[in-house]
There are 2 protein chains.
Amino acid sequence: MQITTKTGYAVRALSELVLSSDGKPVSMSEICRKQNLPIKYIEQLFRKLKKKEIIKSIHGSRGGYLLNKPISEVSLKDIMHALDDDFSNKFCYGINAHSEYCTGFPCGFYELWDDIKNFIEDYLDSIKLEQIISRLQEKK
Amino acid sequence: MQITTKTGYAVRALSELVLSSDGKPVSMSEICRKQNLPIKYIEQLFRKLKKKEIIKSIHGSRGGYLLNKPISEVSLKDIMHALDDDFSNKFCYGINAHSEYCTGFPCGFYELWDDIKNFIEDYLDSIKLEQIISRLQEKK
DNA sequence: GCCAATTCCTACTAAATTACTATGTTATCT
DNA sequence: AGATAACATAGTAATTTAGTAGGAATTGGC
């Protein structure tokens with residue numbers, strides 16, 4: 001559950017998608033040109049976002065991508081979860097379990113890591129694309 | 001700013017240090033035996049914790065480690081910060097800046113990442129060793 | 001029907017990070 | 001002197017990250 005370049009790229013690309021779309025699909029090349037992003041990499045990220053139904057796509061010429069949900073219903077948690085398959089396993093389970101150096105599962109620390117995970121996930125879930133985009137527009 | 005095995009190990013080792021200490025130093029071998037941790041790895045982590053004055057050490061035979069602060073004054077943030085040098089740079093600066101695919105620094109997303117970083121860091125700073133240890137003891 | 005534009009798919013890779021191990025050296029107590 | 005510790009540095013296998021490469025499949029417009 002890390003915020004990395006990948007997360008940053010996806011947020012930039014999704015924001016650009018929303019800002020550039022007027023109901024018509026926006027092409028990957030337009031998104032990446034406007035946001036200065038590596039197109040082949042973002043293509044891969046968008047395929048993951050599509051699998052989780054955050055965006056939809058239209059094939060062929062004049063095709064492109066569209067957001068599949070209202071901007072108030074797409075959170076940072078949703079995005080990160082789509083990009084990172086075992087996002088939710090990254091805490092105690094990912095840290096300790098199945099390791100030679102684990103003291104048993106669940107150990108005395110299990111609930112600590114779980115509480116932290118839940119707290120941070122809830123926070124990330126409270127940050128919607130809507131707020132991210134309105135922040136951007138305030139600046140202009 | 002990730003919670004990884006490293007963080008988990010450090011928390012286990014520090015908790016064991018606190019629980020095993022009755023004013024006298026606790027040796028690395030005792031800590032690692034009781035918590036089933038890889039000793040040479042934990043040694044390295046403890047050296048970093050010492051640099052940040054979270055623990056202190058006594059050399060030679062009958063030596064070992066002691067906590068250098070009250071358990072109410074050592075937070076998860078402190079521990080993670082000690083283990084990971086550029087902990088605080090891991091957000092926008094680490095994500096975007098100085099990359100070929102950055103749109104300028106600070107970009108429109110800078111404050112978003114910064115706010116998130118601060119929120120999570122404040123939360124991690126609110127979790128003290130004191131609470132972690134009393135959680136452990138409740139279970140017994 | 002053909003061509004261009006576009007998404008979709010798989011495989012590869014260089015660099016960095018993680019989670020260690022190995023091999024000592026130095027300091028202190030008895 | 002010898003045992004017991006902390007301290008230090010270097011190496012390394014596995015994994016992840018952040019991409020690149022090369023193409024296949026799909027659709028709109030002429």
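Every number in this text was worked out from the coordinates using simple rules, so none of it is lab data. Remember, predicted model here, so these are calculated numbers, not experimental data. So basically every Cβ, Gly included, is an ideal-geometry build from the backbone, and we count neighbours across all protein chains shown.
Any idea which of A:GLN137, A:THR4, A:ILE116 is furthest toward the positive side of the dipole for chain A, if Lys and Arg beta-carbons carry +1 and Asp and Glu beta-carbons -1?
Final value for the positive-end residue is A:GLN137.
About the Cα centre of the stretch A:20-75, what is the dipole size in debye to 20, counting +1 per Lys and Arg Cβ and -1 per Asp and Glu Cβ, all else neutral?
Dipole about the Cα centre, nearest 20: 200 debye.
Tell me, B:SER99, A:SER29, B:SER15 in order of fewest to most beta-carbon neighbours within 10 Å?
A:SER29, B:SER99, B:SER15
What residue of chain A sits with its beta carbon nearest the rotation axis taking A to B, and at what distance in whole Å?
So the closest residue, with its distance, comes out as A:GLN2, 2.
What is the helix-to-structure angle for A:110-126, meaning the angle in degrees between its Cα long axis and the longest Cα principal axis of chain A, kept from 0 to 90 and rounded to the nearest 10?
Tilt relative to chain A: about 20 degrees.
What is the dipole size for chain A, taken about its Cα centre, with +1 at each Lys and Arg Cβ and -1 at each Asp and Glu Cβ, in debye to the nearest 20?
Magnitude of the dipole: close to 980 debye.
May I ask you to give the average projected area over all directions of the convex hull of the Cα atoms of the protein assembly as shown, in nm² rounded to one decimal?
16.7
Quick one: putting +1 on the C-beta of Lys and Arg, -1 on the C-beta of Asp and Glu, what dipole do you get for the protein assembly as shown around its Cα centre, in Debye to the nearest 20?
About 640 debye.
Distance check, please: which entries in A:LYS52/B:LYS128; A:LYS40/A:LYS69; A:LYS6/B:LYS117; B:LYS48/B:LYS117; B:LYS48/B:LYS139; A:LYS139/B:LYS117 exceed 28 angstrom between their Cα atoms?
A:LYS52/B:LYS128; B:LYS48/B:LYS139
Compute the label-point distances linking B:LYS40 to its equivalents in the other copies; points lie 7 Å from Cα along Cα→Cβ; give nm, one decimal, shortest first.
3.9
Would you grab the residues whose amide H sits under 5 Å from the one on A:ILE55? Only those 5+ places off in sequence or on another chain, please, with H modelled 1.01 Å from N.
Residues meeting the criterion, in which the H sits 1.01 Å from N, are A:LYS50, A:ASN68.
Using helices alone, what [θ] at 222 nm do you get for chain A, with -39,500 (n - 2.57) per DSSP H run of 4 or more residues, divided over all residues and rounded to the nearest 500?
-16500 deg cm²/dmol
Which Rg and Dmax, in Å, describe the Cα atoms of the stretch B:5-60?
When restricted to Cα atoms, the stretch B:5-60 yields Rg and Dmax of 10.3, 29 Å.
Could you give, in nm with one decimal, how far B:THR103 is from each other copy of that position, shortest first, with labels 7 Å out from Cα toward Cβ?
Result for B:THR103, in nm, nearest copy first: 4.9.
Kindly give Rg over Rh for chain B, based on alpha-carbon atoms, with the Kirkwood expression for the hydrodynamic radius.
Ratio value, two decimals: 1.07.
Ordered shortest first, which distances in nm separate the 7 Å Cα→C-beta label point of A:THR4 from those of the other copies?
The projected label point of A:THR4 is separated from its counterparts by 1.0 nm.
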